[in-house]
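**Student:** Would you mind keeping the following structure in view while I ask a few things?
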Amino acid sequence: MLQGLNDKQKEAVLTTEGPLLILAGAGSGKTRVITNRIAYLVKEKGVSPRHILAITFTNKAASEMRERVEQSIGMDAGGAWICTFHSACVKILRMYSHLIGYDNNFSIYDADDQKTLIKNICKKMDIDTKRFKEKWFLSQISSTKDELKSVEDFELDAAGDYYLEKVAKVYAEYQRELKQNNAFDFDDLIVKTVELFRADPEILERFQERFRYISVDEYQDTNTAQFVFVSMLAKKYHNICVVGDDDQSIYKFRGANIENILQFEKVFPDAKVIRLEQNYRSTQNILNAANAVIANNRNRKEKRLWTEHEEGELIKLFHVGNPYEEADRVVDQVKSFLKEGYHLNDCACLYRTNAQSRTLEEAFVRANLPYKIVGGVNFYQRKEIKDVLAYLKTIDNAKDDVAVRRIINVPKRGIGAVAVNAVQNIADDRGINFYPALDDGIREGLFGKSGEKLREFRDLIESFRESAGLMSLQDLLDEVLEKSGYLRELELENTVEAQTRIENIEELINKLALYEETAEEPSLGGFLEEVSLVADIDSWSAESDYVSLITIHSAKGLEFPIVFLCGMEDGLFPMNAAVNSMDEEDLEEERRLAYVAITRAKEKLILTASRMRMVRGETMVSIISRFVREIPGELIEPDREAKYVAPKPSIYNGGVSARKESKEDFKRKPFALSDAAVSSTSGGNKPVLDYGVGDRVDHMKFGEGIVTAIRDGGRDWEVTVDFEEYGTKKLFAGFAKLKKC
């Protein structure tokens, strides 16, 4: 268990009692430390696996950790809980949710289910969703839950604020309908478990006794609710080990609170701190770049990554005309690496925003190189999968109004909006759920001509519910697909899209079969729980041979021999919102994101930037990202094809708007403004310029700056220059006598 570990890793494994903070830099072998520490507790300290709780953030990480632990201890670690926050809380709530007013066969609502529920609430409350978006309400509600604020707390905070008062009303109704539907959203899984612990100290103590040794991975990503959850569990024995890296805290937008890791020693004054700074992933040049960038953040715990690996190659920088050139350079470089013996799956293109993938995709298609967008449409978010799962949810929990309403006329069975509204009116009048209202209305003959169609649907669901207790899950799913007519409708459609949907359903059947084979006690509720907790990134595989196109947020936890970091321009990365924010923390979060991106690379790091980029149909002049400028020049290999001259760090302004151009103009003439600028077709004595937009120029008084716009001013060119010392100036070219640097 200690073999092959460095001194700091050994110290972390051997420190088993009391609070422990392991500051684990990127690629420092933290997973090995956590698993060996658990194995050490079991084999050397004699701790029963059932007294161990190990929490990670993804199912993939939990699965890998469990496998490693079982290999280390040579036995089944079944007694230990090695799972995600949400999975741990689901297990607890399945046992005790009845104590806080829920049935134990509750549903778990994903983002689509939540949006549907909010949409219905807005309709009921006559809220204009063009003015107040469903996503806005959900974001406000989620942030509130992250901070463990109840509806009542929020109502007090919102008093006097028109917008927040509206949120408070929607929040109250949202929680009421969730409870009526016997459902939790993802935030509720944590919040309601904390609520349970606070409501029943005996149950809390039961789990405190059960989990005497707690470890939490990726602690920098925890929110307030998660922090309170683990703190309550650890309060009795104080044996809590948290592992994380404040420099990799990049999920503020999801509610992550970096202060949880920065203030750990204040919460647990007797805590021991161990720093893991030796990196086993990257070359020293890549680490030097990462260290140089992150050193510009103030709100962090000091650490510096180092490695025994060789220095490695210099970082490449492609500074090109536009995103189309950028994508072509990336593809050409991938081809070059393939000739050197690398494989497609050695390469990843990382970017700040999803929109950047389009030009990259087009370039890979043209080059006939396989690629995959990682973190695209989650398998379980596809329409046909959502439909089939809604059938299974209705069978398992008929109180789930969202699921029932989704499938009542899928496939089409003649039940229209009028009939659905009639059922909903009964539900609203009697204060009951949709399905019981459907049943009541059928028995009481309240639906007129629609009654027979509604009865057929009710009888179909009831037949499935009877079958659920008599057959395997796979047989049940087969029966649902056949008797509902869902599969038959797709087959009759006879299109490529329909065939793809059938193949996706077949993949769901495979997933269900695998679940039945591997689960200790397979159940319909258990299967629905498992698929509801799957994250997009869990599907990523290092085995498949394709180039990964992936946002930096989704790439966290992954590593690649070759990383292309695209769109390295101020305004894009860091984003304008962070650059212009009054809160320094926003820019620091962007810098942590850059640090995460850089440290995904093992052998080669290629940075790419465009001099111009089209935004909302307008060409914008771009200045290279400050994160590139923070990397020491000696670490960057000059680009032979497009020479890069690093501006001084004082130039932090983003691009300026230029004239509108079509996509084809933009592709064909990436330097259209420069072309116009050097033209002398206007005649007269107008000067011919040897510089264009994006070039660096020198002025005898103002010094050096970047040309951000050139406009035809009649007798002369009006040139806008962003000077380092004097800011933005508009000058006439004939008088300014600017010289290209």
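The values are calculated or read from the model by the stated rules, or taken from the named source; none is laboratory data. Owing to the predicted nature of the structure, the values given are computational and were not obtained by experimental measurement. Backbone-built Cβ (ideal geometry, glycine too); neighbour counts: all protein chains shown. When the accessible area is computed, the model is the full protein with side chains, heavy atoms only, and any ligands, DNA or RNA have been set aside. Shrake-Rupley method; radii C 1.70, N 1.55, O 1.52, S 1.80 Å.
**Student:** Express the carbon and sulfur contribution to the solvent-accessible surface of the chain as a percent, rounded to the nearest whole number, probe 1.4 angstrom.
**Tutor:** Numbers: 15980 of 33080 Å².
That share works out to 48 percent.
**Student:** Another question about this same structure. Going by amide H atoms built from the backbone, whose H comes under 5 Å of the H on residue 373, apart from near neighbours?
**Tutor:** Hits under the 5 Å cutoff: 549.
**Student:** A further question on this structure: What shape does region 440-511 take by its C-alpha gyration tensor, where a ≥ b ≥ c are the square roots of the eigenvalues and a/c under 1.5 counts as rounded, a/b above b/c as prolate, and the rest as oblate? Let's see the in-between values first.
**Tutor:** Numbers: a/c = 4.12, a/b = 1.54, b/c = 2.68.
Cα axes put region 440-511 in the oblate bin.
**Student:** Next question. Only bridges whose two residues both fall in the chain count here: according to DSSP, what percent of them are antiparallel, nearest 5?
**Tutor:** About 35 percent, rounded to the nearest 5.
**Student:** What translational diffusion coefficient, to the nearest whole µm²/s, does the chain have by Stokes-Einstein, given a Kirkwood radius computed over alpha-carbon pairs, a temperature of 20 °C and 1.002 mPa s viscosity? Before the final figure, lay out each step's value.
**Tutor:** Working: Rh = 29.1 Å.
Stokes-Einstein gives a translational diffusion coefficient of 74 µm²/s.
**Student:** Using only alpha carbon pairs under 8 Å that are at least six residues apart, calculate the relative contact order of the chain and give it in whole percent.
**Tutor:** Details: 1183 pairs, mean separation 106.5, N = 741.
So the answer I get is 14 percent.
**Student:** With point charges of +1 on the Cβ of Lys and Arg and -1 on the Cβ of Asp and Glu, referenced to the Cα centre of the chain, which listed residue (26, 564, 418) lies farthest in the positive direction of the dipole?
**Tutor:** The Cα lying farthest towards the positive end belongs to 564.
**Student:** At most 15 other Cβ atoms within 10 Å and a DSSP loop assignment: could you name the trypsin sites (Lys or Arg not before Pro) in region 253-313 that fit? Provide the component values of the computation, followed by the final result.
**Tutor:** Numbers: sites: 254, 266, 272, 275, 281, 298, 300, 301, 303, 304; in loops: 281, 298, 300, 301, 303, 304.
Passing sites in region 253-313 are 298, 301, 304.
**Student:** Once the Cα atoms of helix 584-598 and of the chain are each reduced to a long axis, what angle between those two axes, in degrees from 0 to 90 to the nearest 10, is obtained?
**Tutor:** 90 degrees
**Student:** Any chance you could count the Lys pairs in region 390-521 whose alpha carbons are under 20 Å apart, treating pairs 8 or more apart or on different chains as valid? Walk me through the numbers before you get to the answer.
**Tutor:** Working: 393/412; 393/483; 393/511; 412/449; 412/453; 412/483; 453/483.
For region 390-521, qualifying lysine pairs total 7.
**Student:** Against the longest principal axis of the chain, how steep is helix 496-518, in degrees 0 to 90 to the nearest 10, with axes from Cα atoms?
**Tutor:** Value to nearest ten degrees: 60.
**Student:** Mind listing P(r) for region 33-95? All alpha-carbon pairs, 10 Å bins, whole percents.
**Tutor:** 23, 55, 20, 1
**Student:** State the answer as a single residue: which of 262, 508, 232 lies farthest towards the positive end of the charge dipole of the chain, with beta carbon charges of +1 for Lys and Arg and -1 for Asp and Glu, about the Cα centre.
**Tutor:** Checking the options against the dipole of the chain, the answer is 262.
**Student:** Once R0 is set to 45 Å, what does the formula 1/(1 + (r/R0)^6) return for the Cβ-Cβ distance between residue 366 and residue 519, expressed as a FRET efficiency to the nearest 0.05?
**Tutor:** Details: r = 45 Å, r/R0 = 1.00.
After rounding to 0.05, the efficiency reads 0.50.
**Student:** At 1.4 Å probe size, with every protein chain present, just tell me what the per residue accessible area of region 454-608 comes to in Å².
**Tutor:** On the way: 6660 Å² over 155 residues.
Averaged over the residues of region 454-608, the accessible area is 43 Å².
**Student:** Determine the calculated [θ] at 222 nm for the chain from helices alone, applying -39500 (n - 2.57) to every DSSP H run no shorter than 4 residues and normalising by the residue count; nearest 500 deg cm²/dmol. Can you show the working numbers first?
**Tutor:** Values: 32 runs with 342 residues, N = 741.
So the calculated ellipticity at 222 nm is -14000 deg cm²/dmol.
**Student:** Per 0.36 nm of contour for each residue apart, how much would the distance between residue 729 and residue 432 grow if the chain were fully extended, relative to their Cα-Cα spacing?
**Tutor:** Working: separation 297, 0.36 × 297 = 106.92 nm, distance 6.78 nm.
So the extension gain works out to 100.1 nm.
**Student:** Got a sec? Charge dipole of the chain, +1 on Cβ for Lys and Arg, -1 for Asp and Glu; which of 578, 499, 354 is way out at the positive end?
**Tutor:** Checked the options; the winner is 578.
**Student:** Test of understanding: what is the full-extension gain from residue 126 to residue 739, defined as 0.36 nm times their sequence separation minus their Cα-Cα distance? Don't skip to the end; give the middle numbers.
**Tutor:** Details: separation 613, 0.36 × 613 = 220.68 nm, distance 6.23 nm.
Answer, rounded to one decimal: 214.4 nm.
**Student:** Using only the alpha-carbon atoms, what does region 239-287 span along each of its principal axes? Please give whole angstrom values in decreasing order.
**Tutor:** Between the extreme Cα coordinates on each principal axis of region 239-287 lie 37, 29, 15 Å.
**Student:** Nearest 20 debye, what's the magnitude of the dipole of region 2-156 about its Cα centre given +1 on Lys and Arg Cβ and -1 on Asp and Glu Cβ?
**Tutor:** Numbers: 23 positive and 20 negative charges, 68 e Å.
Charge dipole of region 2-156: 320 debye, to the nearest 20.
**Student:** So, one more: Go ahead and run the numbers for FRET between residue 383 and residue 165, Cβ-Cβ distance against an R0 of 35 Å, rounding to 0.05.
**Tutor:** Details: r = 36 Å, r/R0 = 1.02.
The calculated FRET efficiency here is 0.45.
**Student:** Something else now. For residue 559 paired with residue 135, estimate the spin-label separation in nm (one decimal), with each label point 7 Å from Cα along the Cα-to-Cβ line.
**Tutor:** Distance between label points: 3.4 nm.
**Student:** Something else: Quick one: dipole size for the chain, taken about the Cα centre, charges +1 on Lys/Arg Cβ and -1 on Asp/Glu Cβ, in debye to the nearest 20. The partial results should precede the final answer.
**Tutor:** On the way: 103 positive and 123 negative charges, 373 e Å.
Rounded to the nearest 20 debye, it is 1780 debye.
**Student:** Only four residue types carry charge here, +1 at the Cβ of Lys and Arg and -1 at the Cβ of Asp and Glu. Report the dipole size of region 419-474 about the Cα centre in Debye, rounded to the nearest 20. Walk me through the numbers before you get to the answer.
**Tutor:** Values: 7 positive and 10 negative charges, 19 e Å.
Magnitude of the dipole: close to 100 debye.
**Student:** Any idea what angle helix 451-468 forms with the longest principal axis of the chain, computed on alpha-carbon atoms, 0 to 90 degrees, nearest 10?
**Tutor:** 90 degrees
**Student:** Let me make sure I get this right: for region 119-276, a, b and c are the square roots of the gyration tensor eigenvalues over alpha carbons, sorted descending. Under 1.5 in a/c it's rounded, otherwise prolate if a/b > b/c, else oblate. Which is it? Mind showing how you got there, number by number?
**Tutor:** Working: a/c = 2.68, a/b = 1.75, b/c = 1.53.
Prolate.
**Student:** Could you tell me the calculated FRET efficiency between residue 43 and residue 252, based on Cβ-Cβ distance and R0 = 56 angstrom, to the nearest 0.05? Before the final figure, lay out each step's value.
**Tutor:** On the way: r = 39 Å, r/R0 = 0.70.
E(calc), rounded to 0.05, equals 0.90.
**Student:** Is the shape of region 276-400 rounded, prolate or oblate, going by the alpha carbon gyration tensor and its root eigenvalues a ≥ b ≥ c, with a/c under 1.5 for rounded and a/b larger than b/c for prolate? Before the final figure, lay out the partial values.
**Tutor:** Working: a/c = 2.41, a/b = 1.45, b/c = 1.66.
It comes out oblate by the Cα gyration axes.
**Student:** Here's something else I'd like to know. If each residue of separation counts as 0.36 nm, what is the full-extension length gain between residue 504 and residue 202 once their alpha-carbon separation is subtracted?
**Tutor:** Working: separation 302, 0.36 × 302 = 108.72 nm, distance 4.54 nm.
Extra length available between residue 504 and residue 202 comes to 104.2 nm.
**Student:** Give the cross-link partners of residue 123 among the lysines, using a straight C-alpha distance below 16 Å as the criterion and excluding same-chain residues fewer than 8 apart.
**Tutor:** Within the straight-line limit of under 16 Å, residue 123 reaches these lysines: 115, 133, 135, 166, 169.
**Student:** What ³J(HN,Hα) values, in whole Hz, does the Karplus curve 6.51 cos²θ - 1.76 cosθ + 1.60 give for region 12-26 when θ = phi - 60°, with x put for Gly and Pro?
**Tutor:** 5, 5, 7, 8, 10, 10, x, x, 9, 10, 9, 7, 10, x, 4
**Student:** Run the simple label-point estimate for residue 630 and residue 157 please: 7 Å along Cα→C-beta, distance reported in nm.
**Tutor:** Placing both labels 7 Å along Cα→Cβ, they lie 2.9 nm apart.
**Student:** Which residues' amide hydrogens lie under 5 Å from the amide hydrogen of residue 82, considering only partners 5 or more residues apart or on another chain, with H built in the peptide plane?
**Tutor:** 54
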